[in-house]
Amino acid sequence: MSPFEHGEVFVLDDGGETDLDLGNYERFLSVSLTKDSNLSTGKIYQSVIERERVGEYLGKTVQVVPHISDAIQEWILKVAQTPVSRFSKAASDNDCSKDEPPEICIVELGGTLGDIESMPFVEALRQLQENLGYKNLCFA
């Protein structure tokens, strides 16, 4: 994460470096997030390249749709089901500080909407809404 492009860097408990937005979400929601909560184009492309190298795509040409968009959806769904730790005083008083499955998953699509760099993410979210049903995904 380049501080020249993103400003200050927020470091998560597991050492993951993100922009300050994720730190604000952590504090506002009183949860402890992990580096997997921060998804970037580089992480997605790296995972797709690794899959391609072990033959997961059976020698087919890797394409943005479906390979990149599917990897984005898989990442979001995996993180949405990953238990998170609560760290508020009220949560510790009620013995709720252990890992709990999230009730909702908030996804911030950063960057400038309409830039070509964000198009795989926009398409992945469109497909995710199609797969989950429009009542289970909200765009704001």
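Could you list, in sequence order, all residues of the stretch 114-140 that are open to solvent by 90 Å² or more (accessible area, probe 1.4 Å), assigned to a helix (DSSP H, G or I) and not polar (S, T, N, Q)? Passing the criteria: Ile116, Glu117, Arg126, Glu130, Tyr134, Lys135.
If only one of Asp99, Asp93 is at pLDDT below 90, of a type in the set (Asp, Glu), over 22 Å from Thr18 (Cβ atoms) and exposed (fewer than 14 other Cβ atoms within 10 Å of the Cβ), which one is it? Outline the logic, then answer.
Values: Asp99 fails: over 22 Å from Thr18 (Cβ atoms).
It is Asp93.
Taking the conditions exactly as written (of a type in the set (Gly, Ala, Ser), in contact with a Phe, Trp or Tyr (Cβ under 9 Å, 6 or more places away or on another chain), open to solvent by less than 100 Å² (accessible area, probe 1.4 Å) and not in a helix (DSSP H, G or I)), does Gly111 satisfy them or not? Judged against the criteria, Gly111 is a match. Taking residues in the stretch 116-140 that are touching a residue at least 12 places away in the same chain (Cβ under 8 Å) and acidic (Asp, Glu), and partners anywhere that are outside any helix (DSSP H, G or I) and loosely packed, with under 15 Cβ neighbours inside 10 Å, the pairs with Cβ atoms closer than 7 Å and at least 6 places apart or on different chains are Glu117/Gly111.
Every listed requirement among (1) more than 18 Å from Thr82 (Cα to Cα); (2) touching a helix residue (DSSP H, G or I) at 6+ places or on another chain (Cβ under 8 Å) is met by Leu12 save one, (1).
Looking across the stretch 98-134, the residues that are among the small types (Gly, Ala, Ser) and either within 16 Å of Leu39 (Cα to Cα) or under 15 Å from the mean Cα position of the chain (by Cα) (or both) come down to Gly110, Gly111, Ser118, Ala124.
If you go through the stretch 15-42 one residue at a time, how many are acidic (Asp, Glu) and in contact with a Leu (Cβ under 9 Å, 6 or more places away or on another chain)? Count: 1.
The values are calculated or read from the model by the stated rules, or taken from the named source; none is laboratory data. Source: prediction; values computed, not measured. As a convention, Cβ positions derive from the backbone with ideal geometry for all residues, glycine included, and neighbour counts pool all protein chains shown. The protein model used for the area step is the full one, side chains on, heavy atoms only, and it has no ligands, DNA or RNA in it. Shrake-Rupley method; radii C 1.70, N 1.55, O 1.52, S 1.80 Å.
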